[in-house]
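Below is one structure, written out as structure tokens; comments come after it.
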Amino acid sequence: MIPVDIEFARPWAFALLPAPILAWRLLPALPERAAMPVPLGIWMLLDAVSAVGARRDLSTPAGLALRCLGWVALILALSGPFTHGGTLLPPSGRDIVLAVDLSASMSGRTATGQDRGTPPIETARSLVSSLLEGARHDRVALITFASEAYLVAPLTFDHDAVIGMLDEVTIGLPGRRTDLGQAIGLAIRTISDEPATERILLILSDGETNAGDIPVLDAAAMAREKGLAIHAVGFTATEPGDGPPPLQRVTTAVGGSYFLATSDADVGALRAALAGTGPASGRTHTLVNDLAWAPLLLALVTVCLVAWREARDP
């Protein structure tokens, strides 16, 4: 059985539990002349639940138990029981498009850095998962590209789904060569119909571009006109120097930044860049499940049972 953590919005309500006993013991009875003339039907109902009319019912365990159960249920409903549901994240207004290279060269081995010997695509998957932890308020889309570019996941707040889809794709699925210009063009189409906001394209590639009819720099210039900032994460099987030239030229043309996946300092700077432009407040809203209806329903059932017992035994 899964434990459920129930909290109470008004825990002070439990102090009212002994109220009927205290009222019965401490409050004086009203004098007969203080009684108000009421219609016969209402008088019969009041008489049924009064100390005189209910004496017979209170003398039985069932009658006493029903009244006690009804009072406890009312107090429980008044206390406002609830459980925590999901968390509602306020959007930051940013759209991030991830473009992941699935060309044959991404299946090689990383020769440098902490992930030495690990295929670049595996490092890319791990990096994406880590980066999305700091971008929970952003919408994210996923593009995979090689000879062709495909939109795998449209803009969404469901980051787990994006990570799951990235885990499913395989090297060579969109082709064996690399067409970086087509990937940038698809990213532009992905955000072109969206409201104007902060737009980021993050390319994860080994930096090679050896296919396609769209010049990379022309695609980058078009992205800049559309307000799409381009940053790149490079993977290389050689000792890092100035980075792969194609990715460097793209990011330089649009005023973006280039990060080396095999450099811990660069990965840290990338995380800070993505997390640092999120919402200023960072406040979240927790959804709650109101459970007050359950004890309130129980109290109504007990009232009906008490009324039924009084009608059955006049």
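The values are calculated or read from the model by the stated rules, or taken from the named source; none is laboratory data. Bear in mind the structure is a predicted one, so any value in this text is a computation, not a measurement. Backbone-built Cβ (ideal geometry, glycine too); neighbour counts: all protein chains shown. Side chains are part of the model used for accessible areas, which takes the heavy atoms of the whole protein and leaves out ligands, DNA and RNA. Shrake-Rupley method; radii C 1.70, N 1.55, O 1.52, S 1.80 Å.
Which condition number does Tyr150 fail, the rest of (1) of a type outside the set (S, T, N, Q); (2) in contact with a Pro (Cβ under 7 Å, 6 or more places away or on another chain); (3) part of a loop (DSSP other than H, G, I, E, B) being met?
The number of the failed condition is (3).
Would you pick out the residues in the range 183-199 that are assigned to a helix (DSSP H, G or I) and open to solvent by 40 Å² or more (accessible area, probe 1.4 Å)?
First, the residues of the range 183-199 that are assigned to a helix (DSSP H, G or I): 183-192.
Hits for the range 183-199 are Arg189, Ser192.
Taking the options Thr286, Thr262, name whichever one is closer than 30 Å to Arg139 by Cβ, of a type outside the set (Phe, Trp, Tyr) and modelled with pLDDT under 75.
On the way: Thr262 fails: modelled with pLDDT under 75.
Exactly one residue qualifies, and that residue is Thr286.
Taking the criterion of being among the basic types (Lys, Arg) and either at pLDDT 80 or above or on the phi > 0 side of the Ramachandran plot (or both), would at least one residue in the range 163-176 satisfy it? Quick ask: steps written out before the conclusion?
Initially, the range 163-176 is screened for residues among the basic types (Lys, Arg), giving 176.
With the extra rule that they be either at pLDDT 80 or above or on the phi > 0 side of the Ramachandran plot (or both), the set shrinks to none.
No, because not a single residue in the range 163-176 is among the basic types (Lys, Arg) and either at pLDDT 80 or above or on the phi > 0 side of the Ramachandran plot (or both).
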